[in-house]
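In what follows, a single structure is set out as structure tokens and then discussed.
Values quoted throughout were computed directly from the atomic coordinates according to the rules given, and no laboratory measurement underlies them. Keep in mind the model is a prediction, meaning the values are calculated, not measured. Cβ atoms come from the backbone with ideal geometry, glycine included; neighbour counts cover every protein chain shown.
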Amino acid sequence: MEEILKTLPQHTCSWLKGRCTFYKYEGFWHFQNLLEGAILAQQTFKARSSDILLCSCPKSGTTWLKALAFAIVTRNQFDESSSPLLTTLPHLCIPSIENMIHEPMKENLPLVATHLPYATLPKSILASNCKIVYIYRNIKDVIVSYYHFMPKVSKLPVEDVSFEQVFDEVYQGISWGGPYWDHILGYWKASQERPGSVIFLKYEDMKRNARSNVTRLAEFLGYPFSAEEEKAGIVENIIKLCSFENLSNLEVNKSRNHHQNEPGFMENEYFFRKATDGDWKNYFTDEMKNKIDKLMDEKLSGTGLVLK
Ligand code: A3P
């Protein structure tokens, strides 16, 4: 692993006072420990054809997607008063490919999560043609979320961090999991090549219309709601259980270590902040807005993907 890492471009974030270094692997930026897990997974991960992959770029709504998918798939075992989501961070309910060393696959759960770009997924996943759910979000809110998240991980007060510098780096394509547009486009192209096996969920649409998106997700996962379940209010119960208001107020999500093997690396509370659509308006200048909108337009032009 050391030999591989030595050959990769590195970037140390000056806005995080040098406390965070990313490695560029197959065109995307990664944390060292997660990249090591990803490389190991590329060599050893054996996908089951029944696996369903939950994919995202960090800060796009991963925590929400994991909670919803878990609640949908396990609803015959647990209800809203007995769900493991009440006592466990959603990230720990579903194993992730990059963290396979610490969290083995769960035998009776078909869900697997990853922040890896499509092109870096272990080949066994592509060969098995398993289903993929991809969640994405307005890049401007992703940047604001990232601006708040990274200082926490780096143990720095956010007040010590310049939003302008964060913006500039993300704009250059340097961010955890970035370039963001390439991450989305990799999965978007896969969805065109493998119609029916990849769905896209948009964070803002889910906020606006949770019911139809949750129903669509359940159908895609292969766990559709029956008419009786709909009548009994199961869809609403799942939405409520997985809502930001509920999850962020649970004792377990107010603190506690996320990765026990890396003390202090990520606290559960880091994954819950504001969960609004449009917080970027409080941070972006007009110039920043125009610049990033123009960039996204250029990157997506001709791809058929419309983010607005
Ligand atoms: P903000 O920082 O804008 O508040 P990820 O899960 O991919 O790391 O994304 C984190 C973002 O999702 C954060 O956004 C967080 O507040 C929001 N989030 C976390 N749980 C959520 C939930 N249950 N519903 C909606 N948004 C949620």
> On the given criteria, is His115 within 14 Å of the ligand (Cβ to nearest atom) and in contact with a Pro (Cβ under 8 Å, 6 or more places away or on another chain)?
Replying inline: yes
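Tally up the residues in region 236-253 that are more than 7 Å from the ligand (Cβ to nearest atom) and assigned to a loop (DSSP other than H, G, I, E, B), please.
2
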> Just checking, how many residues over region 171-201 are part of a helix (DSSP H, G or I) and of a type outside the set (Phe, Trp, Tyr)?
Replying inline: 10
> Within region 225-235, is there a residue that is within 16 Å of the ligand (Cβ to nearest atom) and under 30 Å from Ile101 (Cα atoms)?
Replying inline: no
>> Anything in region 57-93 that is within 18 Å of Phe244 (Cα to Cα) and under 12 Å from the mean Cα position of the chain (by Cα)? List them, or say none.
In response: Pro58, Lys59, Ser60, Gly61, Thr62, Thr63, Trp64, Leu65, Lys66, Ala67, Pro90, His91
>> Within region 216-224, does at least one residue satisfy the condition of being touching a residue at least 60 places away in the same chain (Cβ under 8 Å), within 17 Å of the chain's Cα centre (by Cα), surrounded by fewer than 19 Cβ atoms within 10 Å (Cβ to Cβ) and farther than 21 Å from Ala38 by Cβ?
In response: no
>> I'm trying to understand the selection: among the residues of region 5-42, which are without any contact (Cβ under 8 Å) to a residue 24 or more places away in the chain and not in a loop (DSSP other than H, G, I, E, B)?
In response: Lys6, Gln10, Thr12, Thr21, Tyr23, Lys24
> Limited to region 42-62, what total is found for residues that are surrounded by fewer than 24 Cβ atoms within 10 Å (Cβ to Cβ) and either more than 18 Å from Ile184 (Cβ to Cβ) or charged (D, E, K, R) (or both)?
Replying inline: 11
